[in-house]
Amino acid sequence: MSKSEYKVASYAIIGFGNIGKALAKKFARSGIEVSVSTTRNPESFASDAAAIGPGIIPTTLAEAVKADVIFLAVRFESHPDVAKTLPTWQGKIIVDVTNAYGVSPEKLGGQPSARFVAQAFTDGKLVKGFNHLIAAIIDQDPAVHGGRRVVFLASDDDGASAEIGALAKKLGFSPIQLGGLSEGGLLVQAHGNSWGQLIFKDLVKFD
Ligand SMILES: NC(=O)c1ccc[n+]([C@@H]2O[C@H](COP(=O)([O-])OP(=O)(O)OC[C@H]3O[C@@H](n4cnc5c(N)ncnc54)[C@H](OP(=O)(O)O)[C@@H]3O)[C@@H](O)[C@H]2O)c1
């Protein structure tokens, strides 16, 4: 076995808001170190990170993007700002947790939002996932009713989706592979008030 096959992946979460913090708690619970970053100086959110656990490392965006696997937990509108921090994302997996709420199909060029995001991260391997669960649910123990809470994953790169599937299992979830971004990505894409009714039905009242 080559040396690179022994290499342990490094992880980062870009965005330390509702969903970023909920994901960080899952990493902490599983004993997996992860760096977290925002647009702000890491000192400004160091106490929030420390409250989650010692393995949650506050850092700058420039440092965070050095990780092998990067969770994109920013508002959809902010993804181009993150994408432009590196000229190439070759060799990296970007886990797109964003929901393109209120973004018109025209703005997306008629593409699934995940494909649109993937294009911004030149040469990166994008896996769409974890986006159908609200932060309050990710916060909870994924072991429920004798089973594991599901996360849906979609990617055009089978290796990348398998790697994130394995990580999802370590984080306590049960991954379901939905296929490529155009098919699977579209299945878990947020759109309007009708999306996610089954998921949100106990939490949100729809018209
Ligand atoms: N909330 C949920 O339950 C939920 C569930 C599923 C998916 N999502 C999706 O997850 C994404 C984040 O949602 P959220 O509710 O966590 O949002 P949020 O609470 O507003 O947090 C956004 C985070 O992104 C950071 N950020 C913004 N621009 C950035 C940049 N250019 N570089 C680095 N960090 C940046 C912000 O940091 P600053 O303080 O520096 O601005 C903040 O920490 C959205 O796309 C949302 O649709 C949310």
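Largest first, the three principal axis extents of the alpha carbons in segment 75-146 are 43, 31, 17 Å in whole numbers. A Förster radius of 22 Å combined with the Cβ-Cβ distance from ARG40 to SER10 puts the calculated FRET efficiency at roughly 0.55. Entry note, the chain: the mean residue ellipticity at 222 nm calculated from DSSP H runs of n ≥ 4, each adding -39500 (n - 2.57), is -7000 deg cm²/dmol after division by the residues and rounding to the nearest 500.
Rg of the Cα atoms in the chain, relative to 2.2 N^0.38 Å, amounts to 0.98. With all protein chains in place and a 1.4 Å probe, the accessible surface of the chain carries 53 percent carbon and sulfur.
Can you divide the C-alpha Rg of segment 8-53 by 2.2 N^0.38 Å and report the result to two decimal places?
Numbers: Rg = 10.0 Å, N = 46, 2.2 N^0.38 = 9.4 Å.
Here the Cα radius of gyration is 1.06 times the empirical estimate.
With +1 assigned to the C-beta of every Lys and Arg and -1 to the C-beta of every Asp and Glu, and no other charges, what is the dipole magnitude of the chain about the Cα centre in debye, to the nearest 20? Working shown, then result.
Values: 21 positive and 20 negative charges, 67 e Å.
Using Cβ point charges on Lys, Arg, Asp and Glu, the chain gives about 320 debye.
Which value, in Å to one decimal place, does the Kirkwood hydrodynamic radius take for segment 113-185 when every pair of different Cα atoms is included? Intermediate results must be reported in sequence, preceding the final value.
Numbers: mean 1/r = 0.0788 Å⁻¹.
It works out to 12.7 Å.
Which percent, nearest 5, of DSSP beta bridges in the chain are antiparallel? DSSP beta bridges in the chain are roughly 20 percent antiparallel.
In plain terms, if you count all Cα to Cα distances in segment 1-90 and split them into 10 Å steps from zero, the share in each step is 17, 51, 26, 7, 0 percent.
Of the residues ALA62, ALA83, ALA73, the one that moves most in a GNM of the chain with alpha-carbon contacts below 10 Å is ALA62.
Segment 172-188 and segment 9-43 have Cα centres spaced 22 Å apart.
R0 = 22 Å: FRET efficiency of THR60 with ASP81, Cβ-based, nearest 0.05?
On the way: r = 14 Å, r/R0 = 0.62.
Here the calculated transfer efficiency is 0.95.
Of the residues THR59, THR38, THR85, which exhibits the maximal mean-square fluctuation in a Gaussian network model of the chain defined by a 10 Å Cα contact cut-off? Greatest mean-square fluctuation among the candidates belongs to THR85. Highest GNM mean-square fluctuation among ASP156, ASP48, ASP96, for the chain modelled with Cα contacts below 10 Å: ASP48. Residues in the chain average 51 Å² of solvent-accessible surface per residue, probe 1.4 Å, ligands and nucleic acids excluded.
The values are calculated or read from the model by the stated rules, or taken from the named source; none is laboratory data. As the structure is a computational prediction, the values presented were derived from the model and not from experiment. Glycine also receives a Cβ, built like all others from the backbone with ideal geometry; neighbour counts cover every protein chain displayed. Note: accessible area is taken over every heavy atom of the protein model, side chains too, but ligands, DNA and RNA are not part of it. Shrake-Rupley method; radii C 1.70, N 1.55, O 1.52, S 1.80 Å.
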